[in-house]
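Asks: Have a look at this one.
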Amino acid sequence: MNEPSVYDAHRARASTRAAVVLWPAVLGLVAACGVETYRERLPARDLALRWVATSGGEGVDTLPHRGSAGTLAVERAVVVDADHIRHVRLLDGADGQRVIVLETDDVGQARLRAASETHPGRRLAVVAGGRVVSAPTVRGPLTEREVHVSGPPDEIEETFGRLSR
């Protein structure tokens, strides 16, 4: 299965300065291809990064999950909300691949760092429009301002629309 993962790309490649949420098939997109064009929008008002719940009960929402017929339980507590995401960008690489970038402010960056340092190995859900868009596993501390979200090429435009306004 192509499970997405989150890692600090700065440690993986010195010239890439971003915390990355990527499917394995496009892991090297940002470093491997130049950005030919991009579109930038404000984040959707309900865009949030929330932990996938480790158990059910109070403080948990069950939301539809993109790419599956099922649902995913996520904590109601928000790690980073739209107020701390400056921009949502859709990058088009010179090789035709596409990726979405969420750029956080200083508060968003600090929250991502603290949350990822205390919860390695947990899944972090990207939630917008009442749906889980992506739920990668945090592999290490997220220390940068940008979070990259990618997915199936035929869904990237819809995902960009859901994450932005």
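The values are calculated or read from the model by the stated rules, or taken from the named source; none is laboratory data. What you see is a predicted model, and the numbers here were worked out from it, not measured in a lab. Note: ideal-geometry Cβ built from the backbone for every residue, glycine included; neighbour counts use all protein chains shown.
Asks: I need every pair where a residue in region 122-142 that is in contact (Cβ under 8 Å) with a residue 40 or more places away in the chain has its Cβ under 6 Å from the Cβ of a residue that is of a type in the set (Gly, Ala, Ser) and outside any strand (DSSP E or B), sequence separation at least 6 or different chains.
Replies: Qualifying pairs under 6 Å: Arg123/Ala135; Ala125/Ala135; Ala128/Ala44; Val138/Ser116; Pro141/Ser116; Leu142/Ser116.
Asks: So, of the residues in region 91-143 that are among the acidic types (Asp, Glu) and assigned to a strand (DSSP E or B), which turns out to be surrounded by the most Cβ atoms within 10 Å (Cβ to Cβ)?
Replies: Our first condition is that a residue be among the acidic types (Asp, Glu); within region 91-143, this holds for 92, 95, 103, 105-106, 117.
Those left that are additionally assigned to a strand (DSSP E or B): 92, 103.
Values: Asp92: 16, Glu103: 18.
For region 91-143, the residue satisfying everything is Glu103.
Asks: Among the numbered criteria (1) buried (at least 19 other Cβ atoms within 10 Å of the Cβ); (2) not in a helix (DSSP H, G or I), which single criterion is violated by Arg86?
Replies: The number of the failed condition is (1).
Asks: Here is a follow-up. How many residues are in contact with a Cys (Cβ under 7 Å, 6 or more places away or on another chain) and among the charged types (D, E, K, R) if we restrict to region 46-100?
Replies: The first filter runs over region 46-100 and keeps only residues in contact with a Cys (Cβ under 7 Å, 6 or more places away or on another chain), leaving 93-95, 97.
Subsequent filtering for residues that are among the charged types (D, E, K, R) retains 95.
Final tally of qualifying residues: 1.
Asks: Applying the selection to region 143-155, what residues are aliphatic (A, V, I, L, M) and at pLDDT 90 or above?
Replies: Of the residues in region 143-155, the ones aliphatic (A, V, I, L, M) are 147, 149.
Of everything in region 143-155, nothing turns out to be aliphatic (A, V, I, L, M) and at pLDDT 90 or above.
Asks: Quick one: how many residues across region 144-165 are buried (at least 17 other Cβ atoms within 10 Å of the Cβ) and either of a type outside the set (Asp, Glu) or closer than 16 Å to Val52 by Cα (or both)? Write out each step before concluding.
Replies: To start, the set of residues in region 144-165 that are buried (at least 17 other Cβ atoms within 10 Å of the Cβ) comprises 144-151, 156, 159-160, 162-164.
Still in the running and either of a type outside the set (Asp, Glu) or closer than 16 Å to Val52 by Cα (or both): 145, 147-151, 156, 159-160, 162-164.
Going through region 144-165 one residue at a time, the tally reaches 12.
Asks: Filter region 59-80 for residues that are part of a loop (DSSP other than H, G, I, E, B) and surrounded by fewer than 16 Cβ atoms within 10 Å (Cβ to Cβ); which is modelled with the highest pLDDT?
Replies: Within region 59-80, the first condition is being part of a loop (DSSP other than H, G, I, E, B), and the residues that meet it are 59, 66-70.
Among the residues that remain, those that are also surrounded by fewer than 16 Cβ atoms within 10 Å (Cβ to Cβ) are: 59, 67-70.
Working: Gly59: 94, Gly67: 60, Ser68: 64, Ala69: 71, Gly70: 88.
Going through the qualifying residues, I end up with Gly59.
Asks: Might you let me know whether region 105-116 holds any residue that is at positive phi and at pLDDT below 95? Walk me through how you get there before you give the answer.
Replies: Applying the first criterion (at positive phi) to region 105-116 yields none.
No, that holds for no residue.
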